[in-house]
1. If we keep just the residues of the range 86-103 that are more than 10 Å from the ligand (Cβ to nearest atom) and part of a loop (DSSP other than H, G, I, E, B), which is surrounded by the most Cβ atoms within 10 Å (Cβ to Cβ)?
2. Cβ contacts < 6 Å: first residue over 16 Å from Arg300 (Cβ atoms) and not assigned by TED's automatic domain parsing to the domain that holds Leu302, restricted to the range 256-268; second residue modelled with pLDDT of 95 or more and surrounded by 11 or more Cβ atoms within 10 Å (Cβ to Cβ), any location; separation 6+ or different chain. Result?
3. Quick one: count up the residues across the range 7-56 that are of a type outside the set (Ser, Thr, Tyr), part of a loop (DSSP other than H, G, I, E, B) and surrounded by 14 or more Cβ atoms within 10 Å (Cβ to Cβ).
4. Of the residues Ala248, Ala225, only one is of a type in the set (A, V, I, L, M, F, W, C), in a helix (DSSP H, G or I) and more than 20 Å from Ser301 (Cα to Cα); which?
5. For Asp59, state whether it is surrounded by fewer than 24 Cβ atoms within 10 Å (Cβ to Cβ), under 21 Å from the mean Cα position of the chain (by Cα) and farther than 20 Å from Pro396 by Cα.
6. Just to check your reading of the model, which residue among Thr154, Thr159 is closer than 30 Å to Asp280 by Cβ and in contact with a His (Cβ under 9 Å, 6 or more places away or on another chain)?
7. Would it be correct to say that Thr175 is away from the ligand (no atom under 16 Å from the Cβ) and either not assigned by TED's automatic domain parsing to the domain that holds Glu403 or not in a helix (DSSP H, G or I) (or both)?
8. Does the range 347-364 contain any residue that is modelled with pLDDT under 95, more than 19 Å from Asp404 (Cα to Cα) and more than 16 Å from the ligand (Cβ to nearest atom)?
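The values are calculated or read from the model by the stated rules, or taken from the named source; none is laboratory data. Just so you know, these numbers come straight off a predicted model, no measurement behind them. No Cβ is skipped: glycine too gets one built from the backbone with ideal geometry, and neighbour counts run over all protein chains shown.
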Amino acid sequence: MTDGIAIDRAFAERLFDELAVHTTDAPGVTRAAFGEGEQFAHEVMKREAAMLGLAQRVDPAGNLYLTYEGRDPALPGWVVGSHLDSVPHGGNFDGAAGVIAGLAAVRALSEAGIHPRRSITVMAIRAEESNWFPLSYLGSRAALGLLPQESLATPRSDTGLSLREHMARLGLDPTRVGSGQVHLDPAGLHGFIELHIEQGPVLEAEQVPIGLVTGISGSFRYRKARVLGEWGHSGAVPRAHRRDAVFALARLITALDACWAALLAEGETATITVGEIGTDPALHGFSKVPGEVAFCLDVRSLSPACLARIHDELMRLVARIEAETGVRFALGERTGSTPARLDAALRAQLAGVAKAREAGFVEMASGAGHDTAVFANAGVRSALVFVRNQNGSHNPDEAMRLEDFVAATDVIAHLLARDDNE
Ligand SMILES: [Zn+2]
């Protein structure tokens, strides 16, 4: 194992603090995709990279590449990175931790006088959080040439301005984004590694600092679904004459819950969430049979076959409930992402380093989506390293102990330092 590599906790702490102070939007932080907070974070990383003497490149979609050149720069290199945007009023570590980890790892190698054969590029990815633009993995897909050109017309949720307009305002080049234009060639990559806070409670509950991720769930979503029934008087309309949208939706949710339990009993992994339900306050009332209810549906699984089974079941249930209750379901546009299996050999290498460094870890799946999925599905050997996190994620109370961050970054740095990591 390479000696002399020491992750500088104070360096990381300084950057986290600077981001927190300048992107505070109480409660929490807000770093809008292609907005002020995200751009500030990009400028901070550029400044630090300049001090470390790293080569800098920004692609037309605004992804940032900071490269520590290897002894043999012609060899396919490593990319280590994550995203710098946040959800509105989110936490300070979701995304930023993976970029700061890359810089801290490179800095530790540089200070130890270690120049590995392969170049190491720290990547700051744009727009991972789909709150801003309802597109999965916008930045990483743009980098790999996988973003459809029509995505550029998508309005940002808060400003209403298109992705094209937001890119142009930052001096980027949207005309060179989409239609298969590749700005980071997967064939030129030796591997992609993302450090990210775990967004669930598993590591904290198991008292383990690091999670090595086996796979990332894919999803299907209906963000703007509705049940259409008939408004009526709550006392005057007998049960047999009702077309009650809320009761119909309740049937669907109860049946999906039973379907989910049955899949878990079979050993499948899946999550089913109805995160928003609403009757229109302008129309609804205490004494009215609800004639319409809006809802959304988010279904995730590591298995494409399992996603397909749940979708089939959804269609069957919708048809049955429509026939039984007289309501109509308008599910709206279906979106989603493909599940990703991460590279077992790369994970085993990280596990080997973690053991040698006496860093505690477990292997686990990721129910949340991450840019790593895009790289893995593009054929790049990919690894996702979770850091234990307190208080959940996508909220202002998100937390992470810096000693856990340092332990995980130390494992990544030691892997990058090895010249035998074929
Ligand atoms: Zn994230």
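1. The residue in question is Asn92.
2. Once the first residue is over 16 Å from Arg300 (Cβ atoms) and not assigned by TED's automatic domain parsing to the domain that holds Leu302 and sits in the range 256-268, no partner that is modelled with pLDDT of 95 or more and surrounded by 11 or more Cβ atoms within 10 Å (Cβ to Cβ) comes close enough.
3. Residues of the range 7-56 of a type outside the set (Ser, Thr, Tyr): 7-22, 25-29, 31-56.
After this cut, where a residue has to be part of a loop (DSSP other than H, G, I, E, B) as well, the list is 7-8, 25-28, 31-35, 53-54.
Narrowing further to those that are surrounded by 14 or more Cβ atoms within 10 Å (Cβ to Cβ): 7-8, 25, 28, 31-35, 54.
Counting residues in the range 7-56 that are of a type outside the set (Ser, Thr, Tyr), part of a loop (DSSP other than H, G, I, E, B) and surrounded by 14 or more Cβ atoms within 10 Å (Cβ to Cβ) gives 10.
4. Details: Ala225 fails: in a helix (DSSP H, G or I).
Checking each option against the conditions leaves just Ala248.
5. Values: surrounded by fewer than 24 Cβ atoms within 10 Å (Cβ to Cβ): yes; under 21 Å from the mean Cα position of the chain (by Cα): yes; farther than 20 Å from Pro396 by Cα: yes.
So Asp59 passes the test.
6. Numbers: Thr154 fails: in contact with a His (Cβ under 9 Å, 6 or more places away or on another chain).
Answer to the selection: Thr159.
7. Values: away from the ligand (no atom under 16 Å from the Cβ): yes; either not assigned by TED's automatic domain parsing to the domain that holds Glu403 or not in a helix (DSSP H, G or I) (or both): no.
Here the answer is no, as Thr175 does not meet what is asked.
8. Residues of the range 347-364 that are modelled with pLDDT under 95, as a first pass: none.
The answer is no; no qualifying residue exists.
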